[in-house]
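Step one of this worksheet: look at the structure below.
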Amino acid sequence: MKPNSKPRKISNGTEPYILSPKNDFVFRLLFGEEGNEDLLASLLASILDKEIKDVKIKNPHILKKYLEDKEVILDIKALVSSDTYVNVEMQICSSPGLPARALYYWAKLFSSQLHKGEDYSSLKKTISIVILDDTYCDSDDFHTWSGLHDCRQKKVISSLIEVHFLELPKLHNLSGQDTDNDCIQWMKFFNAKTKEELIMLSEASPSIKKATNLLMSMSMDEETRQKYEEREEYLFERKMMLQLAEKAGMEKGIEIGREEGKEEGMAIAGRKVAINLVAFGMDDDTISKVTGLSQEEVKKLREQ
């Protein structure tokens, strides 16, 4: 890896570091592979605060694509207790397009349930969950979630949609009274910085103990370790590009805005930033979210 992009790691004394479960590749290995349904069930039950009888992972083979495509989305799709679809993913950083991204994956999973000739009543509740190694909203609460409500009457319009964000950096806001919460225990697992922290957390939960043992095991596998470091480098570079693009867009927008008017100036800046990101090799969807341009506009710029 590049000197300035060291992988996130869990300290293991004098031994090689332990892989961080905040890496989406490792997260997917732990919770999205066949045989680990019990871990996914435990994690989802803690987030959704409900009993989960069974979990069926709907996209267990996507990691094979990862070997060929670094930009593959390593989310997990699952059918929970036969009546709820869930999409869960680990994200390294926030971005202006994060809410739209969560809704987009929710919409894809929701609409994919309906087959030709089927009635809308067959659609099942669908939940989108984003675990974020960054901050997203102003609230001090690390866990926020939304549904579809009537804003005037304060009534639920539909229980078929839920979108959850869990912000790992906000765990430091918690008081000592929260330590027995299962969801917090899992979030602390993701946030662990030392082997000692992992071992301490494993004592409170058989599921976290199993996840810890799996994490230790995969950390000793050379091929997994190599893929982890490759993924960390990609995630680091992508984060830097997003931050640079956002900064460049704001600065250029202010500069051009003084000359040509704020709205038009920001649009011109967005196109210039998009051209730079195309040159970086970023995909159209991400460029669209960073710059505010439509994917059609980005496609035209790419063709030019």
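So what is the accessible area of the range 92-158 per residue, in Å², with the probe set to 1.4 Å?
About 64 Å² of surface per residue is accessible.
When the chain is fully extended, how far beyond the present Cα-Cα distance does L148 get from N181, taking 0.36 nm per residue of separation?
9.2 nm is the gain from fully extending L148 to N181.
Tell me, rounded to the nearest percent, the portion of alpha carbon pairs in the range 38-159 spaced more than 23 Å apart.
39
Going through the cross-link list K58/K209; K58/K125; K188/K209; K77/K125, which pairs have a Cα-Cα distance over 18 Å in this structure?
K58/K209
Taking R0 as 51 Å, what FRET efficiency do you get between L171 and E303 from their Cβ-Cβ distance, rounded to the nearest 0.05?
0.65
What is the distance, in nm, between label points placed 7 Å from the Cα along the Cα-to-Cβ direction at S159 and at D285?
Going from the S159 label point to the D285 one covers 3.1 nm.
So between T194 and K53, what do we pick up on full extension, going 0.36 nm a residue minus the alpha carbon distance?
Gain in length upon complete extension: 47.5 nm.
If I take R0 = 41 Å and measure r between the Cβ atoms of E203 and E118 in this structure, what FRET efficiency does the formula 1/(1 + (r/R0)^6) give, to the nearest 0.05?
About 0.30, to the nearest 0.05.
Can you pull the accessible area of H149 for me, 1.4 Å probe, Å² to the nearest 10?
Around 90 Å² of this residue is reachable by solvent.
If r is the Cβ-Cβ distance from E233 to L79 and R0 is 35 Å, what FRET efficiency results, to the nearest 0.05?
0.55
By the scheme Lys and Arg +1, Asp and Glu -1, what is the net charge of all other residues having a beta-carbon under 11 Å from that of T135?
-4
The values are calculated or read from the model by the stated rules, or taken from the named source; none is laboratory data. Just so we're clear, the structure is a prediction, and the values are computed from it rather than from any experiment. Virtual Cβ from ideal backbone geometry, glycine too; neighbours counted across all protein chains shown. Ligands, DNA and RNA are stripped out before the accessible areas are found, and what is left, the full protein with its side chains, is counted by its heavy atoms. Shrake-Rupley method; radii C 1.70, N 1.55, O 1.52, S 1.80 Å.
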